[in-house]
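S.K.: Let me give you the structure first, and then I'll get to my questions.
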Amino acid sequence: MSRSRRRTELLPIPSRGWQEAAACRGEDLALFFGPEDESWPQREMRERRAKQVCAGCPVRTTCLDDAVSRPEKYGTWGGLNEVERTSERRRRLRRANAA
Ligand code: SF4
């Protein structure tokens with residue numbers, strides 16, 4: 001089963017007000033959620049394009065905070081992919097524990 005299909009099965013997601021202003025509204029979901037059998041070069045190209053959309057998004061910080069605050073395993077959210085969000089979660093946890 002592809003990640004896109006898994007994500008689709010979770011839809012509809014609860015509406016969040018900030019999503020009304022999201023730059024990805026109307027974009028192809030496949031840009032943000034690639035298939036499991038995607039090659040690394042394909043993934044890099046797709047994620048680069050998704051991150052370009054995120055870079056111009058007025059709700060990027062809110063989106064990233066939201067995605068990091070829950071166990072969102074798939075896709076590009078707030079300009080970060082899955083691996084980058086895991087690192088961001090750890091970074092935030094370390095910072096919170098140090099405070
Ligand atoms: S930051 Fe990216 S994924 Fe999040 S709402 Fe904006 S465009 Fe969509």
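S.K.: Heads up, I need the accessible area for ASP65: 1.4 angstrom probe, whole protein in place, Å², nearest 10.
M.R.: Around 70 Å² of this residue is reachable by solvent.
S.K.: Determine, from the Cβ-Cβ distance of ARG70 and ARG49 and an R0 of 25 Å, the FRET efficiency 1/(1 + (r/R0)^6), rounded to the nearest 0.05.
M.R.: 0.55
S.K.: Describe numerically, in nm with one decimal, the distance between label points set 7 Å from Cα along Cα→Cβ at LEU31 and at ARG95.
M.R.: Those two pseudo-labels are separated by 2.8 nm.
S.K.: From the Cα gyration tensor of the range 15-99, with a ≥ b ≥ c the square roots of its eigenvalues, which class applies: rounded if a/c is under 1.5, or else prolate if a/b is larger than b/c, or else oblate? Kindly include the intermediate steps, with their values, before the conclusion.
M.R.: Working: a/c = 2.14, a/b = 1.27, b/c = 1.68.
Taking the square roots of the gyration eigenvalues as a ≥ b ≥ c, the range 15-99 is oblate.
S.K.: Using a 1.4 Å probe and counting only protein heavy atoms, arrange GLU36, GLU88 so the residue with the most accessible area comes first.
M.R.: On the way: GLU36 90, GLU88 25 Å².
Largest accessible area first, the list is GLU36, GLU88.
S.K.: When a/c reaches 1.5 or more, the comparison of a/b and b/c decides; with that in mind, is the range 35-80 rounded, prolate or oblate per its Cα gyration tensor?
M.R.: Working: a/c = 4.13, a/b = 1.43, b/c = 2.89.
It is oblate, given that a/c is not under 1.5 and a/b is not larger than b/c.
S.K.: Leaving ligands and nucleic acids out of the surface, order ARG94, ARG43, ARG48 by accessible area at 1.4 Å, largest first.
M.R.: ARG94, ARG48, ARG43
The values are calculated or read from the model by the stated rules, or taken from the named source; none is laboratory data. Worth saying up front: this structure is predicted, and the values here are computed from it rather than measured. Glycine gets a Cβ as well: all are built from the backbone with ideal geometry, and neighbour counts include every protein chain shown. SASA here: full protein model, heavy atoms, side chains in, ligands and nucleic acids out. Shrake-Rupley method; radii C 1.70, N 1.55, O 1.52, S 1.80 Å.
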